[in-house]
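To start, the structure under review is shown below, and the notes come after it.
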There are 2 protein chains.
Amino acid sequence: MQIGINATHLRLPKTATEEEVLHSITEVNENSSVHGLIVQLPLDSIHKIDTEKVTNAVAPEKDVDGLTSINAGKLSRGDLGDCFIPCTPNGCMELIRQTGKHRKRHLKSVKGAGWLHHSGAWWCWTHDCGHADGGKVHSEMLSAKRFLEGHQPGKWNISCTKLNLQKPVPSDIVISRSCVPKPIDRLAREVGLLSDEVELYGKTKAKVQLSIVKRLQAQPDGKYVVVTGITPTPLGEGKSTTTIGLVQALGAHMNLNVFACVRQPSQGPTFGIKGGAAGGGYSQVIPMEEFNLHLTGDIHAITAANNLVAAAIDARMFHESTQSDKALYNRLVPLSGGQRKFSPIQINRLRKLGIEKTDPSTLTEEEITRFARLDIDPSSVTWQRVLDTNDRFLRKITIGQSPTEKGYTREAQFDITVASEIMAVLALTSSLEDMRQRMAKMVVATSRSGQPITTEDLGVSGALTVLMKDAIKPNLMQTLEGTPVFVHAGPFANIAHGNSSILADKIALKLVGPEGFVVTEAGFGADIGMEKFFNIKCRYSGLRPHVVVLVATVRALKMHGGGPTVTAGMPLPKEYVEENLELLEKGCSNMRKQIENAQHFGVPVVVAVNGFKTDTEAELDLVCSMAKAAGAYDAVRCSHWAEGGAGAVALGQAVQRASGAPSNFKFLYDLELPIADKIRIIAQKIYGADDIELLPEAQHKVELYTKQGFGNLPICMAKTHLSLSHEADKKGVPTGFVLPIRDIRASVGAGFLFPLVGTMPTIPGLPTRPCFYDIDLDPETEQVNGLF
Amino acid sequence: MQIGINATHLRLPKTATEEEVLHSITEVNENSSVHGLIVQLPLDSIHKIDTEKVTNAVAPEKDVDGLTSINAGKLSRGDLGDCFIPCTPNGCMELIRQTGKHRKRHLKSVKGAGWLHHSGAWWCWTHDCGHADGGKVHSEMLSAKRFLEGHQPGKWNISCTKLNLQKPVPSDIVISRSCVPKPIDRLAREVGLLSDEVELYGKTKAKVQLSIVKRLQAQPDGKYVVVTGITPTPLGEGKSTTTIGLVQALGAHMNLNVFACVRQPSQGPTFGIKGGAAGGGYSQVIPMEEFNLHLTGDIHAITAANNLVAAAIDARMFHESTQSDKALYNRLVPLSGGQRKFSPIQINRLRKLGIEKTDPSTLTEEEITRFARLDIDPSSVTWQRVLDTNDRFLRKITIGQSPTEKGYTREAQFDITVASEIMAVLALTSSLEDMRQRMAKMVVATSRSGQPITTEDLGVSGALTVLMKDAIKPNLMQTLEGTPVFVHAGPFANIAHGNSSILADKIALKLVGPEGFVVTEAGFGADIGMEKFFNIKCRYSGLRPHVVVLVATVRALKMHGGGPTVTAGMPLPKEYVEENLELLEKGCSNMRKQIENAQHFGVPVVVAVNGFKTDTEAELDLVCSMAKAAGAYDAVRCSHWAEGGAGAVALGQAVQRASGAPSNFKFLYDLELPIADKIRIIAQKIYGADDIELLPEAQHKVELYTKQGFGNLPICMAKTHLSLSHEADKKGVPTGFVLPIRDIRASVGAGFLFPLVGTMPTIPGLPTRPCFYDIDLDPETEQVNGLF
């Protein structure tokens, strides 16, 4: 138990004069570290004091005692302390038990006194911080309640870390290691988290409990900024780096409350070809090795949950194929202690089948068959296994070839874990209750009679929620300059929706308060990550962003202008390291289109030109002027990679200005439109396609999902991120193409339909020389080397 | 920074008399919460005091100041505080820098003063607990050093949790939930861990850093007890429950220092048919849902590491098959910034090939080919992919069927994660350095020319170590009665070695001190888990157990006497719930054989008869007397499932007595014997086989591994746990059989050969109605339901 919010008790001499009382109050008013106060008027001189005057002297934001409750009588039962202590219900009940019957009666007799339930937590007002000292519980809880209700998170008192900039800029891991992170519990306190809301995972990571959502529900939100980009090269254009640089600027240099909300990287690319994803240079989340490896295990939990569903599907098909209805039923509803009982999950399935019975012995034979046989059509299974490893040999496999599976083989595949529907659920859910419901709705296959088969039908939805109970809590880390970061949900906006979580964004928006900023990241280019951010994530969250930051680089724009192919792991051709204004100007067409894409949603766009050391002044100026000409609210050069937040102050100022500009948010399409129309709108308005073509499998799915009642879900396109079109090598602004929709999947639990555009591998492969060749641990110092 | 060890500074008035000084010392001597003291003699009256008398008055275990250093002069530089603070080297260096040049000079001039390196940690003696107050660093470090060197972990002052026993015994999850665990950082302090040695994972789990091994290296070990069992029924006979019951008895009822070292359960069975593995009834590790789900992610880390190797093998074979030597080499050693460089891991491979070059441009064509081509024979790959899920359809699969893999398909399989060689490495390693070496030595396949191909050849060994850097730290949890538990490494003693980790055992043995006990668990029956414990684990650890506890149940013994088949999920036949002395007496043959098996190793055996509520007095008595007649040191009835530690006090006392009995430890076989001879010794002496039969594949491997130089590794048999023989349905003591060895694998990194006896699935399957049907989360209370 530790102090959560700092209030002060004015202890005045018994004979203090009115002037002395007013002076003390003024002092507290001016002390920014005190968030509230309790006034106990001097017992001996109270008759000489104008209580109204005293009441009015208290600054409104510090009035925890309430205007009507100032009197000495209420405070006669002992000394008051100066801390609020959040308690668990168990803790408080124990407190009462410990203090015996008398105390219990006393607490009962004083209505609302001693302890109360408020904002999702139990609060007590005690003499000191010790739980054991329950004997001094006071009726001042009412004050506490008012304080909590009225409390506005103000300006944080955050200790920022000074950067010691080196030139040339060292490797990411060297920079990350050179900064000692603040203990994460300290950062948590600095941003207004109560100690009971934080679960430490070592000294640099923590999970934040969802109870905070309730505690802060009445608070106004901060400003909401989404970072996206132009169509990138395969090297990436520094969107994460810009996100972190921007928050370092807003927090450490402009002295604003600010949170970054970023996604947990997949370990596949970390050991494959891309390296880490903590940002780069002097704009990073630290410690970057903790960020890039395991974190707090969220992705591992998704792997476990996803694959439990997969195992359940194949095992169920196997058991149904080898057993009679009667045998199946006897095993599903076994005799235990002389009786049969349905589990609650089985009752849910019965209800879905329209069977309103709860006694297993009363089912008719026909009902037994319907209940016990899911009758999955093996060719209809859309649920895939996943691994967070770049294992290309699992892209297409045949399973069930052991003799123990009696010949029930089947073609299947593994996807990268972050592409799992469970990852999408994690990102889009709003509460534990909501997650439980989504976990039940996930459709894994179709029965031979055309019914959707769900995770609830398999009986596995409760277990999935249990496996995900910790993953749902956002992870708190920090930037190099000591500002807070939430890391939650996963990347891959091409084959997933690739946005950070709604819960992290919502909690951060409350914590920063109305003058603060939350900068969240949408994966890859604005045509996919941002489009999904608006049409899917904002639709479910109800949040409306104030500003879009669009990251552009000279390198990528030159590529769009017709520069040679950029390949990861290969040296850059000279066009990219020498000034070439012609290529650049031509390539700005892609930026213009992506600005236009953001404007479809009615939100002001600030272009961040992420400068590389080979960029020339003329090149950087050209991009800025082209961006403004294309309708950007502003366009700013940044150098946060080399300079940290100091290099993104101009961007921060532009974002702050833009957040006050008028905006007129709208979605791109109406959910009630037919599936094909929604896909067509995205293809035409965002990608610039002439039309779409539904290939036969996709056409079949449009009909199936419409019939099954999933037609009104939003659309999550699976499309390459390397082109506005479906062909990765078409750079700039491709035109005159028809977008082929090969197939459609339904992620009913996450809440979207998932059209597959062309063929896209859903699990990456390892190159000839993967990153892991350079990664090692020094057993002496325990330092990780070679991560970048 | 928090207080690690509690010492007290006697602050006496300047004019205190000798009598007053002696009185104060006596007070401290009697205060069990103070572990040391610093005596500052009264400045004004020092000439009147007999320092020898004072010196002798200090109890030896509290003499931190050393006999010769009592004088006033040494302490004139300010007041002394009362705490030791462990610092990191960085922390201390910073401290010196902060206090400026003068301080630095001063510290240099006073030899050993201010801070010192001792027992693997940096220590400073400061005025208070704040790091920032470095100005008051004192020369009393010498005292601190003596204290640390002389300090013996004494009797812990541990607060045990009182059980509130209910009848009938509620479900495991209900019991677990009804006990509020102590904050884990408190338990860590209680058992002598310094706060900097502990990494919290939430409020009920923590990882312990390996630096403690060095700090406590000079301490004597406690008593070492291994828990094993008779051949079990498929339901398990309560070995984990007995382990926990026994430590609750020793710790909470017999007031001894005691640690349980248990294995992290696999999530496969948790959601499959077995349920959790935290013990049961009133003998559990809590919170049981945290124990059974994810824990701190160790098994997930193994899944990630194992599958990175698998992906690397197939990707490498693929790249080699589609590229020329030259192209391969150019990609493996790419031009970067105008030059080529080998990574350290590549230099290791060059050395292995006998190429002593470090400049990539100097390799001959022949050397380039040898370096760049691992030339793996696809049919020789022994490394399998793993998942911690009961997914039977992955037992045999065909991979590489996507067109992107150009027809390079291959048969492969998934094992359960705990069967990964990396799990065995985790259990058997002794340090980070040792783990790094083992990670390099793992053999994954054979080249076409017959050379073993290792993880180091693949370039992945460093990355594996990085992935496992946190998993190597043991996990601290607690029993229902508040005693400490290390959870580390994994189960499945049939298809793995199934023992808890050497590191956890070693750290626990130091922490409990010479009068304390460490109870570690070996999986399944004594024929497999215990045999591997002795012949593999004890060989690598160098530890020698004092006592074997052999768990027996009336139920399993009746089965061995010819009782009907026992099937998980089915009601027990009446033979098992009614008295049947005849079956029982017959079945005691299995117990007799397993006692004999333990005696092969020369360690006293205590039989723990784990009582069920259907067992009769006569039955329990019969088992005890049969056990003693078979040569057990003692045999004791226990009821810890229903009564917690109180139900295992008799067992605890028997174990304590046995730990003082003479023992004469010996291994079963000599490592230098030929492979087949070692297997034969285990088969004949432990299983009771007439002989072994090496099938052709096994014969081939004997020759291959002998040639490759792996012939002198210990043996880890993969054999069913349900019979002493290789046939699960042969109960009792099978005789007259020949043990078929189908194949042999080499786990060179873990350090054993792995003969496969008959056919055994290496990944379990899900039954028709898996446990997950009952598992769910209450979104309101966040409570997990249905785990057992």
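The values are calculated or read from the model by the stated rules, or taken from the named source; none is laboratory data. Predicted, not measured: the structure shown is a model, and the values here were computed from it. Neighbour counts run over all protein chains shown; Cβ positions are idealised from the backbone, glycine included. Only protein heavy atoms, including side chains, enter the accessible area calculation; ligands, DNA and RNA are left aside. Shrake-Rupley method; radii C 1.70, N 1.55, O 1.52, S 1.80 Å.
Assessment of segment A:453-472 against the conditions (in contact (Cβ under 8 Å) with a residue 40 or more places away in the chain, within 14 Å of another protein chain (Cβ to nearest Cβ) and open to solvent by 10 Å² or more (accessible area, probe 1.4 Å)) yields at least one matching residue. Taking B:L332 and the conditions (1) open to solvent by 60 Å² or more (accessible area, probe 1.4 Å); (2) under 24 Å from B:R410 (Cβ atoms), which numbered condition does it fall short on, given that it satisfies the others? Against the list (1) open to solvent by 60 Å² or more (accessible area, probe 1.4 Å); (2) under 24 Å from B:R410 (Cβ atoms), B:L332 comes up short only on (1).
Considering segment A:652-673 alone, what residues qualify as being farther than 30 Å from A:Y705 by Cβ and of a type outside the set (K, R)? Matches in segment A:652-673: A:G652, A:Q653, A:A654, A:V655, A:Q656, A:A658, A:S659, A:G660, A:A661, A:P662, A:S663, A:N664. The number of residues in segment A:189-208 being more than 21 Å from A:N292 (Cα to Cα) and either facing chain B (nearest Cβ under 9 Å) or part of a helix (DSSP H, G or I) (or both) comes to 5.
A quick yes/no check of all residues on (1) within 21 Å of A:R657 (Cβ to Cβ); (2) of a type in the set (D, E, K, R); (3) touching a residue at least 24 places away in the same chain (Cβ under 8 Å); (4) open to solvent by 10 Å² or more (accessible area, probe 1.4 Å):
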| site | (1), (2), (3), (4) |
| --- | --- |
| A:E199 | no, yes, yes, yes |
| A:I212 | no, no, yes, no |
| A:V225 | yes, no, yes, no |
| A:I230 | no, no, yes, no |
| A:P234 | no, no, yes, yes |
| A:G245 | yes, no, yes, no |
| A:H253 | yes, no, yes, yes |
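Using the structure shown, decide if B:Q152 is modelled with pLDDT under 85 and outside the structural domain of B:F612 (by the TED database). Against the criterion (modelled with pLDDT under 85 and outside the structural domain of B:F612 (by the TED database)), B:Q152 qualifies. Within segment B:650-667, not a single residue is open to solvent by less than 60 Å² (accessible area, probe 1.4 Å), on the phi < 0 side of the Ramachandran plot and part of a strand (DSSP E or B).
Cβ separations smaller than 8 Å between residues 6+ apart or across chains give the following pairs from segment B:345-362 residues that are without any contact (Cβ under 8 Å) to a residue 24 or more places away in the chain and part of a loop (DSSP other than H, G, I, E, B) to residues that are surrounded by 15 or more Cβ atoms within 10 Å (Cβ to Cβ) and among the acidic types (D, E): B:L353/B:E367; B:I355/B:E367; B:K357/B:E367.
Just one residue in the set A:T720, A:T706 is of a type in the set (S, T, N, Q), more than 10 Å from every other protein chain (Cβ to nearest Cβ), touching a residue at least 24 places away in the same chain (Cβ under 8 Å) and within 29 Å of A:G279 (Cα to Cα); that residue is A:T720.
Here is a yes/no grid of residues against (1) more than 29 Å from A:Q708 (Cα to Cα); (2) of a type in the set (V, I, T):
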| residue | (1), (2) |
| --- | --- |
| A:F291 | yes, no |
| A:T296 | yes, yes |
| A:N307 | no, no |
| A:R331 | yes, no |
| A:R340 | yes, no |
| A:I345 | no, yes |
| A:T358 | no, yes |
| A:E365 | no, no |
| A:P378 | no, no |
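On the stretch given as segment A:427-452, residues that are under 23 Å from the mean Cα position of the chain (by Cα), small (G, A, S) and open to solvent by less than 10 Å² (accessible area, probe 1.4 Å) total 1.
Yes or no, residue by residue, for (1) within 18 Å of B:H497 (Cα to Cα); (2) touching a strand residue (DSSP E or B) at 6+ places or on another chain (Cβ under 9 Å):
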position	(1), (2)
B:F665	no, no
B:L673	no, no
B:I679	yes, yes
B:D691	no, yes
B:L695	no, yes
B:A698	no, yes
B:E703	no, no
B:T706	no, no
B:L713	yes, yes
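Among the residues of segment B:492-515, those that are touching a helix residue (DSSP H, G or I) at 6+ places or on another chain (Cβ under 8 Å) and assigned to a loop (DSSP other than H, G, I, E, B) comprise B:F492, B:A493, B:N494, B:I495, B:A496, B:H497, B:G498, B:S500, B:S501. A:E582 fulfils the conditions (1) free of Cβ contacts under 8 Å to residues at least 40 places away in the same chain; (2) farther than 11 Å from A:K558 by Cβ except for a single criterion, (2). In segment A:372-382, is there at least one residue being among the β-branched types (V, I, T), in a helix (DSSP H, G or I) and out of contact with any Ser or Thr (no Cβ under 7 Å at 6 or more places or on another chain)? Within segment A:372-382, none of the residues are among the β-branched types (V, I, T), in a helix (DSSP H, G or I) and out of contact with any Ser or Thr (no Cβ under 7 Å at 6 or more places or on another chain). Could you check segment B:311-343 and list, in sequence order, the residues that are more than 7 Å from chain A (Cβ to nearest Cβ) and part of a helix (DSSP H, G or I)? The answer is B:I313, B:R316, B:M317, B:F318, B:E320, B:S321, B:T322, B:D325, B:K326, B:A327, B:Y329, B:N330. Of all residues in segment B:733-788, those that are open to solvent by 10 Å² or more (accessible area, probe 1.4 Å), in a strand (DSSP E or B) and among the aromatic types (F, W, Y) total 1.
Would you say B:G736 is away from chain A (no Cβ under 14 Å), out of contact with any Phe, Trp or Tyr (no Cβ under 9 Å at 6 or more places or on another chain) and at positive phi? Answer is yes for this residue. Among the residues of segment A:680-697, are any under 26 Å from A:F414 (Cβ atoms), out of contact with any Gly (no Cβ under 8 Å at 6 or more places or on another chain) and open to solvent by less than 50 Å² (accessible area, probe 1.4 Å)? No, every residue in segment A:680-697 fails to be under 26 Å from A:F414 (Cβ atoms), out of contact with any Gly (no Cβ under 8 Å at 6 or more places or on another chain) and open to solvent by less than 50 Å² (accessible area, probe 1.4 Å).
Figure legend. Inter-residue proximity from segment B:646-663: first residues touching a residue at least 60 places away in the same chain (Cβ under 8 Å), second residues loosely packed, with under 15 Cβ neighbours inside 10 Å, beta-carbon distance below 7 Å, spacing 6+ or different chains. Indicated pairs: B:S663/B:G602. Taking the criterion of being under 22 Å from A:G751 (Cβ atoms), open to solvent by less than 10 Å² (accessible area, probe 1.4 Å) and among the small types (G, A, S), the only residue of segment A:382-423 that qualifies is A:S420.
Being under 24 Å from A:N306 (Cα atoms) and assigned by the TED database to the domain that holds B:V443 narrows it down to one of B:Q339, B:Q401, B:Q346, so name that one.
B:Q401
A:N494 passes every criterion in (1) more than 14 Å from chain B (Cβ to nearest Cβ); (2) open to solvent by 10 Å² or more (accessible area, probe 1.4 Å); (3) within 22 Å of A:I212 (Cα to Cα) apart from (3). Of all residues in segment B:344-378, those being over 19 Å from A:C771 (Cα atoms), within 14 Å of another protein chain (Cβ to nearest Cβ) and not aliphatic (A, V, I, L, M) number 1. crowded, with 24+ Cβ neighbours inside 10 Å and assigned to a helix (DSSP H, G or I): is that true of A:F524 in this structure? The answer is no for A:F524. Just so you know, in segment A:176-191 the residues that are touching a helix residue (DSSP H, G or I) at 6+ places or on another chain (Cβ under 9 Å) and open to solvent by less than 40 Å² (accessible area, probe 1.4 Å) include one that is nearest to A:F517 (Cα to Cα), and it is A:V191.
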